[in-house]
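> Pasting in a structure now, in structure tokens, and then I'll have a few things to ask.
The values are calculated or read from the model by the stated rules, or taken from the named source; none is laboratory data. Here the structure is a predicted model, which is why all the values come from computation and not from measurement. Because the Cβ atoms are built from the backbone with ideal geometry, glycine has one as well, and the counts that use them run over all protein chains shown. Please note that ligands, DNA and RNA were not included when accessible areas were found on the heavy atoms of the full protein model with its side chains. Shrake-Rupley method; radii C 1.70, N 1.55, O 1.52, S 1.80 Å.
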Amino acid sequence: MAEVLLEHHESVAVITINDPERRNALTIDLSQQLADKVEEAELVANALVITGAPPAFCAGADLTQLGNSKDEGLKKIYKGFLAVANATIPTIAAVNGAAVGAGLNLALAADVRIAGPKARFDARFLQLGIHPGGGMTWMLQRITNGQTATAMTLFGQILDADQAVAHGLAYARAEDPLAVAKELARASAEAPAELVRTIKATMRATDAMHDHAEAVELELIPQVASIDTPEFAARLAAMKARISGR
């Protein structure tokens, strides 16, 4: 049965698209499930890891539904990976296999990508004779660069794990991308929940800025607020105790 699974490892949520026989291709139903699981994870987790049941990460949109889709149908297919893109908590894609078309969009929607040895990043839209959608061209150009995005989108280049790291598409290559993603997520998982969400929101805001002074002013208010919290006081006291005990 095709489904999206959600597991909790303390404050790290792990979402798995589980339809291995169809290489985790996104149907409208699976996309809605994915959006629902992201919303559910945000209620209790400080970080979110997205992966697919082996052998693939996500083979894209279900081609039958894609072929029959117009505006509203396409937006329903986008819904799952857009939920990841708009998540208020940090997100990591553990790309354990092929990420194709809408599956590439899902990987791009995460804040960080860890690529396994079988990872393949494949735009595929041109080869299928359709225009990219879901903001793929915007995400790919921002994450990599214009030349890499053009090679993948208009010249059909597929990046493996090592190439993805070299071109900035993936943060790291790992034999077990899910394990590495969960370990990477631990720092956020152990931090105060409100602080994690505030920092992510600030990073989104400063990413659109062109002036350092503007970023300084934007960060000042939440930084002052964080200094006033019991969490900061407790961590500062613990750090002082460790230093004095050396």
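> Being over 23 Å from Glu7 (Cβ atoms), surrounded by fewer than 18 Cβ atoms within 10 Å (Cβ to Cβ) and aliphatic (A, V, I, L, M), is that true of even one residue in the stretch 97-111?
no
> Take the residues in the stretch 13-35 that are open to solvent by 40 Å² or more (accessible area, probe 1.4 Å) and in contact (Cβ under 8 Å) with a residue 40 or more places away in the chain, then tell me which one is farthest from Thr91 (Cα to Cα). It would help to see each step written out before you state the result.
Quick first cut of the stretch 13-35, residues open to solvent by 40 Å² or more (accessible area, probe 1.4 Å) only: 20-23, 28-29, 32-33.
Remaining after also requiring in contact (Cβ under 8 Å) with a residue 40 or more places away in the chain: 22-23, 28, 32-33.
On the way: Arg22: 24, Arg23: 22, Ile28: 22, Gln32: 18, Gln33: 17 Å.
That would be Arg22.
> Same structure, new question: Any residue in the stretch 127-136 that is under 15 Å from the mean Cα position of the chain (by Cα) and among the β-branched types (Val, Ile, Thr)? Before you say what the answer is, go through the steps one by one.
Taking the stretch 127-136 as the starting set, the residues that turn out to be under 15 Å from the mean Cα position of the chain (by Cα) are 134-136.
Those left that are additionally among the β-branched types (Val, Ile, Thr): none.
Checked against the condition, which is being under 15 Å from the mean Cα position of the chain (by Cα) and among the β-branched types (Val, Ile, Thr), the stretch 127-136 yields no hits at all.
> For the stretch 199-246, which positions are under 30 Å from Trp138 (Cβ atoms) and among the hydroxyl-bearing types (Ser, Thr, Tyr)?
Result: Thr202, Thr206.
> What is the number of the single condition among (1) touching a helix residue (DSSP H, G or I) at 6+ places or on another chain (Cβ under 9 Å); (2) touching a residue at least 40 places away in the same chain (Cβ under 8 Å); (3) closer than 30 Å to Ile199 by Cβ that Leu6 does not meet?
Only one criterion in (1) touching a helix residue (DSSP H, G or I) at 6+ places or on another chain (Cβ under 9 Å); (2) touching a residue at least 40 places away in the same chain (Cβ under 8 Å); (3) closer than 30 Å to Ile199 by Cβ is unmet by Leu6, namely (2).
One line per residue, one yes/no per condition, for (1) of a type in the set (D, E, K, R); (2) in contact with an Asp or Glu (Cβ under 9 Å, 6 or more places away or on another chain):
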| position | (1), (2) |
| --- | --- |
| Arg142 | yes, yes |
| Thr153 | no, no |
| Gly156 | no, yes |
| Gly168 | no, no |
| Leu178 | no, no |
| Thr206 | no, yes |
| Glu217 | yes, no |
| Pro230 | no, no |
| Ala234 | no, no |
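> Considering (1) open to solvent by less than 10 Å² (accessible area, probe 1.4 Å); (2) assigned to a strand (DSSP E or B), say which one Ile77 fails and leave the rest.
(2)
> Ok, one more. What are the residues in the stretch 135-156 that are part of a loop (DSSP other than H, G, I, E, B) and either of a type in the set (Lys, Arg) or within 13 Å of Val100 (Cβ to Cβ) (or both), if any? Spell out how you get there, then give the answer.
So the first thing to find is which residues in the stretch 135-156 are part of a loop (DSSP other than H, G, I, E, B), and the list is 135, 144-145, 155-156.
Passing the criteria: only Gly156.
> Any residue in the stretch 204-232 that is open to solvent by less than 60 Å² (accessible area, probe 1.4 Å) sitting within a Cβ distance under 9 Å of a residue that is among the aromatic types (Phe, Trp, Tyr) and assigned to a helix (DSSP H, G or I)? List the pairs, counting only those 6 or more apart or interchain.
If the second residue must be among the aromatic types (Phe, Trp, Tyr) and assigned to a helix (DSSP H, G or I), the pairs left are Ser226/Phe232.
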